[in-house]
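The numbers here are math on the coordinates, done by the rules we state, and not lab data. Given the structure is predicted, the values throughout are model-derived calculations rather than measurements. Glycine gets a Cβ as well: all are built from the backbone with ideal geometry, and neighbour counts include every protein chain shown.
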Amino acid sequence: MRELLGLLKEIDRDREAGPAVEARVLDSFRKLQRDRTLCRIYAAAAAVAAGLLAAVAIPRHASNATPPPIRSTLVPSPQMPRAAEEVAPPAPPTLLGSAHEPAHRAKPRPRAPVATDFIPLMDSPPPFERGEILRMVVPAATMRTVGLPVSEAHLADPVEADVLVGQEGLARAIRFVSYEQ
Amino acid sequence: MASEAEMLSRALAGDERAFTALYHLRQGPVFRFALHMTGSVEMAEDVTQETFLALLSAGRRFDPARGNLGSFLYGIARNQILRRIDGRGFQPPPPEETASPEDLLEDLTRRETVDQVRRAVLTLPAAYREAVVLCDLEDASYEEAAAILECPVGTVRSRLNRARGLLAQKLRSAKWVCNA
């Protein structure tokens, strides 16, 4: 009996699934990776958008409420990125046509972008060959997901971010961008 | 060379080359297991495809301490196979036409014998069939087969003995019919 089964084993030893199966499996794999990347980017976009709102909206609110304006809504910490720390409060509002208005309105200085370092999004990424950086607006909650402190009230605020997408379409790292005023 | 666990980890992180390498390494045994269990190339290819797609979603459950990746894949494939052959009164397909014009008489006889064995295996109850396919056709150890079939090693041994006995009966009667 074992000899007969050995014969069957020998005949079928090299049989395997056809190339069409491999093509279908790899198509599904790529689609899955695309979907996952999109999910991560959407989540990151939502989080960074919330962060940007936090960085912009709260200083205004704070400057109206208290004389020493709060420089940022984000909780200060040693890990705090420059981008979040250097959000300056807006100037106090002035009345149009008042005596204090200067004769020549000063041109607004161009805003200089301030970015954090890239923060990895994958624990053990596959080897990096090439990629591209996508600028997007994400909620501030994204900053919290990578360990940056954001106050609860501003998790949904928008923040600009650069997402580094690798050759396989996966989001590998993110950095947050703000502007000096 | 990376271990299969490392390759799986990289594949789950999105590394297509690691996933492709794993596929090339493991699709043959999965396909043959499904083929010997179902007797249908089409169904075996479906099972192979579904097994590797399931690996992408269930791969994080793989624990190298509990067995190798091959056993893990056989386990997934087995579920796919049982889902397909359960509840539809299993009918073994007719033998495949494998003879080519240059086949010699000896080759024809050999192939005829192999077809008889293949059909006999396909008519075994599923529990016996999977024991024979894993241990006798795919060289799984009793321990590996027990892990895949989720039963004690002793059960694998007894199913295997019973399966071989049934196969011998079936082949004897087939030969008797052929010779009559």
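Go ahead and run the numbers for FRET between B:Ala54 and B:Glu112, Cβ-Cβ distance against an R0 of 41 Å, rounding to 0.05.
0.65
Between A:Ser28 and B:Glu6, what is the label-point separation in nm under the 7 Å Cα-to-beta-carbon projection?
Reported label-point gap for B:Glu6 and A:Ser28 is 2.8 nm.
I want to check the label-to-label distance for A:Cys39 and B:Arg17. Put each point 7 Å from Cα in the C-beta direction and report it in nm to one decimal.
For the pair A:Cys39/B:Arg17, the computed spacing is 2.6 nm.
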